[in-house]
Structures are given as C-alpha cells and as structure tokens.
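The values are calculated or read from the model by the stated rules, or taken from the named source; none is laboratory data. Predicted, not measured: the structure shown is a model, and the values here were computed from it. A quick note on method: Cβ atoms are made from the backbone with ideal geometry, for glycine too, and the neighbour counts reach across all protein chains shown. Calculation scope for accessible area: heavy atoms of the full protein, side chains included, ligands and nucleic acids excluded. Shrake-Rupley method; radii C 1.70, N 1.55, O 1.52, S 1.80 Å.
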Amino acid sequence: MLMKRAELYQEYMKEVPIPAQRGSVIPFTSWMGLGRSTKQLYGQPLHYLTNVLLKQWDQLRFGSKDEGSPLDIIVHPCKAEATIWLMEEAHQRTTSSHHIAKLQLSDPMHDAFVDAIFPEL
C-alpha cells in the first residue's frame, strides 16, 4: 500500500506546475516559514522532500551566532524563494517513488511533511 501511495503521490506532484511568474518579496524568519508562505501565496503544495529539507535547514541554524536573526536579512527573499522552487522542480521531476516509500517507511511522522492540500488516497 505504501509503495502505491508513493507512486500516486509522485505522479501527482509531477503535474503541479512550478510558478513561472514570481516576484513577490516574502518576508520570512525561517525556511519552513518561507515554505508555508509560498504555499499560501501560490496555492499549491510543496513536495514531501522539499518540506523535509526546509526543516533540516532550519535545524542547521540551532546554536549558530545568527540563530535568532530573521533569515530574510541573511538571505535575500528573492534568492531564497528561487532556491525553494529550484529544489521543488528537482524533487518533482527526479525523485523515484521507491525512494519516497523507503523514506516514509523509516519515518513514522512522514505525514507531517505531506501538504494537506494533497488529495487523500
């Protein structure tokens, strides 16, 4: 069942377009916050792996000297958003459903990183 869900998920995500018209400057304090804002602004989900990576990037800041600084003063908002869409495109187009199923099997909390606007299977 998990493999079938992963296959359907990856096929669905391949159909989600990467926004061509961008240009909004989105203020953000964390990578996950920027991800949430882009999902709201463009009304579409981000790939499971993009969400996981954004969380990991936030965790990398723990204990750094700029941990409490808003990210939008460290990384320009336009560059940060472009980075998210570049990752998203790579995850949508190149990730195998087998890899997704394997990752989700090893992570009991994987549903927390699958966006709610993805249709229930």
Nearest-ten-degree value, helix 2-15 long axis tilted from longest Cα axis of the chain = 60 degrees
inquiry  = Quick check: residue separation of ARG61 and MET32 times 0.36 nm, minus the Cα distance between them. What number comes out in nm?
reply    = 9.2 nm
message = Please give the charge dipole size of the chain, origin at the Cα centre, charges +1 on K and R Cβ atoms and -1 on D and E Cβ atoms. Round to the nearest 20 debye.
response = 120 debye
request  = Kindly report the accessible area of the range 51-103 per residue (heavy atoms of protein chains, probe 1.4 Å, no ligands, DNA or RNA), in Å².
outcome  = 59 Å²
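Just flag the chymotrypsin sites (Phe, Trp or Tyr not before Pro) in the range 15-111 sitting in loop per DSSP whose Cβ has no more than 11 other Cβ atoms within 10 Å. It would help to have the intermediate numbers written out before the result.
On the way: sites: PHE28, TRP31, TYR42, TYR48, TRP57, PHE62, TRP85; in loops: PHE28, PHE62.
Taking the range 15-111 and a limit of 11 other Cβ atoms within 10 Å, the loop chymotrypsin sites (Phe, Trp or Tyr not before Pro) found are PHE62.
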request  = Decide, for the range 16-116, between rounded, prolate and oblate: order the square roots of the alpha carbon gyration tensor eigenvalues as a ≥ b ≥ c, take rounded if a/c falls under 1.5, and otherwise choose prolate if a/b is larger than b/c, else oblate.
outcome  = oblate
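Grab the Cα-Cα distance for MET1 and CYS78, subtract it from 0.36 nm times how many residues apart they are, and report the gain in nm with one decimal.
Values: separation 77, 0.36 × 77 = 27.72 nm, distance 3.93 nm.
Extra length available between MET1 and CYS78 comes to 23.8 nm.
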Pairs beyond 26 Å (Cα-Cα), from LYS55/LYS102; LYS4/LYS79; LYS79/LYS102; LYS14/LYS102 = LYS4/LYS79; LYS79/LYS102
task = Output the relative contact order of the chain, whole-number percent, from Cα pairs under 8 angstrom with separation of 6+ residues.
result = 44 percent
note = Mean separation of Cα contacts under 8 Å (at least 6 apart) over the residue count of the range 12-76, i.e. the relative contact order in percent, is 40 percent
